[in-house]
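Taking it in order: structure first as structure tokens, then the write-up.
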Amino acid sequence: AQSVSQHNHHVILSEAASLELGCNYSYGGTVNLFWYVQYPGQHLQLLLKYFSGDPLVKGIKGFEAEFIKSKFSFNLRKPSVQWSDTAEYFCAVNADNAGNMLTFGGGTRLMVKP
Amino acid sequence: DVKVTQSSRYLVKRTGEKVFLECVQDMDHENMFWYRQDPGLGLRLIYFSYDVKMKEKGDIPEGYSVSREKKERFSLILESASTNQTSMYLCASSSHRTVKYQETQYFGPGTRLLVL
């Protein structure tokens, strides 16, 4: 079974700092990759996704992620965070042998200090 | 916009009670999912359904069952609630696409269940 690792459990940044959240997965075949975000008190919502093509994908609110197949990674980045980015971020992987199933990482709780 | 609703935001139940969590989606999605979310563990799939009356076990089905009698509704049942089932429960839905299962899941607001 595939697994997804998010090594940073808690990240604290000041506004305008750059952000990179790590995501690694264990499956060697074809994958679809997702980042979801959960703002305090709100639904989990899609930030960005990768299915195929350009490995650098851009999402909402200035976020982007890069799929590096050789490293089994899909790290999330943002050049300059804002206080409103305070949230929990989840990486998720759908492997081509898993049908509709997503495997989620443990989440990274980001706090941005004003 | 896709809307996924869950019947309760907060529930408090006693050990041994039977608990029903309801989820409804309004986008005619074929696929529906139940997850539990625990700190540090992310989301773990309990059960999913890809059609009416169809269900598949996820990663942690023990202690749970599901029901999908109508396309828009997917129910999670705790037959006899236990304290280790205290958690946040999230429902999600997605439409079926034939190409590489390239589907985005849309999530409900969650039900926070406390079992005493």
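Over the whole of A:60-70, what's the average partner chain Cβ count within 10 Å per residue? Rounded to a whole number, please.
0
With only Lys, Arg, Asp and Glu charged, each at its Cβ (+1 for the first two, -1 for the last two), find how big the charge dipole of chain B is about the Cα centre; round to the nearest 20 debye.
The dipole of chain B has a size of about 180 debye.
Mind ordering B:17-23, A:5-11 by average Cβ neighbours within 10 Å, highest first?
B:17-23, A:5-11
Note down the magnitude of the dipole of chain A about its Cα centre, charges +1 on Lys and Arg C-beta and -1 on Asp and Glu C-beta and zero elsewhere, to the nearest 20 debye.
Using only the charged Cβ atoms, the result is roughly 60 debye.
Averaged across orientations, what area in nm² does the convex hull of the alpha carbons in region B:31-88 project?
3.9
Give, to the nearest whole percent, the P(r) tail of chain B beyond 19 angstrom, counting all Cα pairs.
41
Going down the list A:LYS71/B:LYS57; A:LYS61/A:LYS113; A:LYS78/A:LYS113; A:LYS69/B:LYS57; B:LYS3/B:LYS71; A:LYS49/A:LYS78, which pairs span over 23 Å between their C-alpha atoms? Write down the numbers at each step before the final one.
Values: A:LYS71/B:LYS57 30 Å; A:LYS61/A:LYS113 18 Å; A:LYS78/A:LYS113 15 Å; A:LYS69/B:LYS57 29 Å; B:LYS3/B:LYS71 14 Å; A:LYS49/A:LYS78 15 Å.
Pairs exceeding the cut-off: A:LYS71/B:LYS57; A:LYS69/B:LYS57.
To check you understand DSSP bridge types, tell me what percent of the beta bridges within chain B (both residues inside) are antiparallel, rounded to 5. Before the final figure, lay out the partial values.
On the way: 35 of 39 bridges.
Looking only at bridges with both residues in chain B, the antiparallel portion is about 90 percent.
Could you tell me what fraction of 2.2 N^0.38 Å the Cα radius of gyration of the protein assembly as shown comes to, as a two-decimal ratio?
1.01
Over all directions, how big on average is the projection of the convex hull of the alpha-carbon atoms in chain A, in square nanometres? Show your work: numbers first, answer last.
Numbers: hull surface 27.0 nm².
The number I arrive at for chain A is 6.8 nm².
For the protein assembly as shown, what is the percent of antiparallel DSSP beta bridges, rounded to the nearest 5?
Once the DSSP bridges in the protein assembly as shown are tallied, antiparallel ones form about 90 percent.
Residue by residue, what Karplus-based ³J(HN,Hα) values in Hz, rounded to whole numbers, does region B:25-33 have, using 6.51, -1.76 and 1.60 with θ = phi - 60° and x for Gly and Pro?
Taking θ as phi minus 60°, the curve returns 10, 10, 10, 6, 6, 6, 9, 9, 9 Hz for region B:25-33.
Bear in mind these aren't lab numbers, they're just calculated from the coordinates by the rules spelled out. Model, not experiment: these values are computed from the prediction. So basically every Cβ, Gly included, is an ideal-geometry build from the backbone, and we count neighbours across all protein chains shown.
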